[in-house]
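The values are calculated or read from the model by the stated rules, or taken from the named source; none is laboratory data. Remember, predicted model here, so these are calculated numbers, not experimental data. Virtual Cβ from ideal backbone geometry, glycine too; neighbours counted across all protein chains shown.
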Amino acid sequence: MIAFASETCGAGCPGEPPIEETKAMEHDGGCHCGNLQVHVRLTRPPADNPIRSCTCSFCRSHATRTVSDPAGQADIRAADWSLVEKYRFGSRTADHLLCRRCGVYIGAVCETSAGPRAVINTLCLRDRAAFTQDAIRPDYDAETTDERLSRRAANWMPARLHPAA
Ligand SMILES: [Zn+2]
């Protein structure tokens, strides 16, 4: 649990005590209205994480910048899951989580052979600006569904939904 000095001021602002290294790899965020809350634990500092802007039409229209760390953990909590759209398209194998009240896209969750796995849209995190890498722009159009699920099992991060949806 990270306490920020204020809504508008994240880690590293002048005058704030430095955040410990371990805590700098934990990130909080969520949708705009607060219904969806995201807590992400990464194993590297934010600037060391590759960022992906997938080239599918959904991600391009949302200008997503996603992160995943297979050794990390994503916890996604909704005050009211009935206000969460689990949008599926294409291979229909991942739930793209959008808040129905405020419209924010927080990331995608997929059931894989390794268990539930997620990618998180760094733009929904309070310290989004700490994720400074230029985005990789992968094109997954040619993948089969099996290849897609295997890639997500290996590369996406373990995810938990609270309360279990
Ligand atoms: Zn919302």
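Brief remarks follow.
- Residues in region 30-70 that are closer than 15 Å to residue 123 by Cβ, touching a residue at least 60 places away in the same chain (Cβ under 8 Å) and within 16 Å of the ligand (Cβ to nearest atom): 30, 31, 32, 36, 38.
- Residue in region 41-64 that is farther than 16 Å from residue 107 by Cβ, acidic (Asp, Glu) and modelled with pLDDT under 95 present: no
- Of the listed requirements (1) within 22 Å of residue 61 (Cα to Cα); (2) surrounded by fewer than 17 Cβ atoms within 10 Å (Cβ to Cβ), residue 144 misses just one: (1).
- Strands (runs of 3 or more DSSP E) completely within region 100-165 that count 3 or more residues being more than 20 Å from residue 43 (Cα to Cα): 105-112
Here's the yes/no breakdown for (1) in contact with a helix residue (DSSP H, G or I) (Cβ under 6 Å, 6 or more places away or on another chain); (2) surrounded by fewer than 20 Cβ atoms within 10 Å (Cβ to Cβ):
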| residue | (1), (2) |
| --- | --- |
| 26 | no, yes |
| 36 | no, no |
| 57 | no, yes |
| 60 | no, yes |
| 67 | yes, no |
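- Evaluating residue 105 against the criteria (1) on the phi > 0 side of the Ramachandran plot; (2) within 12 Å of the chain's Cα centre (by Cα) leaves one unmet condition, (1).
- Of residues in region 113-135 being hydroxyl-bearing (Ser, Thr, Tyr) and at pLDDT 95 or above, the one nearest to residue 28 (Cα to Cα): 122
- Some residue of region 69-87 being closer than 19 Å to residue 156 by Cα, touching a helix residue (DSSP H, G or I) at 6+ places or on another chain (Cβ under 7 Å) and of a type in the set (A, V, I, L, M, F, W, C): no
- When residues of region 65-98 are limited to those that are over 15 Å from residue 38 (Cα atoms) and of a type in the set (Phe, Trp, Tyr), the one modelled with the highest pLDDT: 87
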